[in-house]
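Every number here is computed from the coordinates shown, using simple stated rules; none is lab data. Because the structure is predicted, anything quoted here is derived from the model rather than measured. Here Cβ is always computed from backbone atoms with ideal geometry, including for glycine, and neighbour counts include all displayed protein chains.
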Amino acid sequence: MIDKPDPEDTRSPKFLIMDNTPLSLLGAIEALDWFFEPGCDVWITDLVLEEATREPGEGRDQRRATRNYIASWIESNRNRLTVLATAEGERYRQEMELWELAGSPERLRPTWKDRGEASLLQGVQTIKAALQSGEAIVVLVDDRDARDAIRAVRADINMMGTQTFIEWLLEDFGIAQAETAWTSILMATGNTADPGEDEDPVYIRNSP
């Protein structure tokens, strides 16, 4: 499934989760351990951690069972995840702390609007600066706007949607459960999961 690079173009990939959707979709079928199957380092932005585990607010989609599973998985794998700090993530934590000190009135809850886009660009720029020679970023992302933003960043960055990631696990790693995983996700999400772009721009540079 994955195009193999010429030997001189080989890179060691790092997964970067900068969109909550892959966590949410794989969390719906309790398959987050699949992130570790390819053997890559797994990076995740602080704001994605917040979004994946935060209380969504009254009247919002709760999906408590999935959120509880994701929170438990994150806690159990802290030593296997590299959390990428962003300025937007720190700003959100400060706002939440002030909100809680004020008694947590719902009408003053810090808004989540536009935070993901801001942290995404900050995160890509941060990890771009941290990359060593011979390394590449594989961004796991489904959000269409996020993909457009990533394309604008000049770096050794590759993108992979959740459905493509599942297909990769099946075809290149032989994960048998992956064969029916997308169907299970569609059932768990009421057929709302985005299958991604027809031509997912994926190019994995395998570790030597």
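Here are the numbers for this structure:
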read-out	value
From phi via Karplus (6.51, -1.76, 1.60), per-residue ³J(HN,Hα) for segment 159-172 in Hz, x at Gly/Pro	10, 8, x, 4, 5, 5, 4, 5, 4, 4, 4, 5, 7, 9
Peptide ranges 71-83, 176-188, 42-54 listed from the most packed, as the mean C-beta count within 10 angstrom indicates	42-54, 176-188, 71-83
4 °C / 1.567 mPa s Stokes-Einstein diffusion coefficient of segment 137-194, Kirkwood radius on C-alpha pairs, µm²/s	102
